[in-house]
Amino acid sequence: QVKLVESGGGLVQAGGSLTLSCAASGRTYSNYYMGWFRQAPGKEREPVGGISVDGGSTYYANSVKGRFTISRDNAKNTVYLRMGSLKPEDTAVYFCVVIRQFPPQNSGSVEYWGQGTQVTVSS
């Protein structure tokens, strides 16, 4: 079992930046692919991006490519999502995840979910 706790969500104006953090505990965190998903109101959860065990490979959804950056610090058991040039359509609950399939394709790729953190981008 892996416990994931996200932090850093909030309200930001369009064009602004925000960094989410995810602290992992439980099983050996550094052995897992990690990632972020999001769910906007009325929509299904979708992958935002993922990062390999050593951090050497990353994946991003087309909608966030060039604007979001995923990183991890295995010594701190933490994964980050830096979001820049935010748009109102980025408004969603963001979930930190352990993924069993890299790159993540859909919710079926997820082994463990965090509780989620709300990100709201105002226009």
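The values are calculated or read from the model by the stated rules, or taken from the named source; none is laboratory data. All of these numbers come straight from a predicted model, not from anything done at the bench. Glycine also receives a Cβ, built like all others from the backbone with ideal geometry; neighbour counts cover every protein chain displayed. Note: accessible area is taken over every heavy atom of the protein model, side chains too, but ligands, DNA and RNA are not part of it. Shrake-Rupley method; radii C 1.70, N 1.55, O 1.52, S 1.80 Å.
Here are the numbers for the structure shown:
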quantity: Residues within region 67-77 that are free of Cβ contacts under 8 Å to residues at least 12 places away in the same chain and either within 18 Å of V119 (Cβ to Cβ) or within 15 Å of the chain's Cα centre (by Cα) (or both), tallied; calculated: 1
quantity: Among residues of region 35-80, those that are under 14 Å from I99 (Cβ atoms) and among the aliphatic types (A, V, I, L, M), counted; calculated: 6
quantity: Candidates G66, G42, G114, filtered to the one that is open to solvent by less than 60 Å² (accessible area, probe 1.4 Å) and either more than 21 Å from S21 (Cβ to Cβ) or not basic (K, R) (or both); calculated: G114
quantity: Any chance P88 is farther than 18 Å from S21 by Cβ and modelled with pLDDT under 95; calculated: no
quantity: Options D73, D90, D54; residue that is acidic (D, E) and under 15 Å from G9 (Cα atoms); calculated: D90
quantity: Selected residue [in a strand (DSSP E or B), aromatic (F, W, Y), at pLDDT 95 or above and more than 15 Å from V119 (Cα to Cα)] from Y59, Y80; calculated: Y59
quantity: Tally of residues being out of contact with any strand residue (DSSP E or B) (no Cβ under 7 Å at 6 or more places or on another chain) and open to solvent by 70 Å² or more (accessible area, probe 1.4 Å) across region 20-39; calculated: 2
quantity: Search result, residues across region 107-123 that are at negative phi, under 13 Å from the mean Cα position of the chain (by Cα) and in a loop (DSSP other than H, G, I, E, B); calculated: G114, Q115
quantity: Evaluation of L86 against (1) open to solvent by less than 20 Å² (accessible area, probe 1.4 Å); (2) part of a strand (DSSP E or B) (one fails), failing number; calculated: (2)
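Each row is one residue, and each column tells you yes or no for (1) open to solvent by 10 Å² or more (accessible area, probe 1.4 Å); (2) under 19 Å from S123 (Cα atoms); (3) touching an Asp or Glu at 6+ places or on another chain (Cβ under 6 Å); (4) at pLDDT below 95.
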site	(1), (2), (3), (4)
L18	yes, yes, no, no
P47	yes, no, no, no
D54	yes, no, no, yes
K76	yes, no, no, yes
A92	no, yes, no, no
R100	yes, no, yes, yes
P104	no, no, no, yes
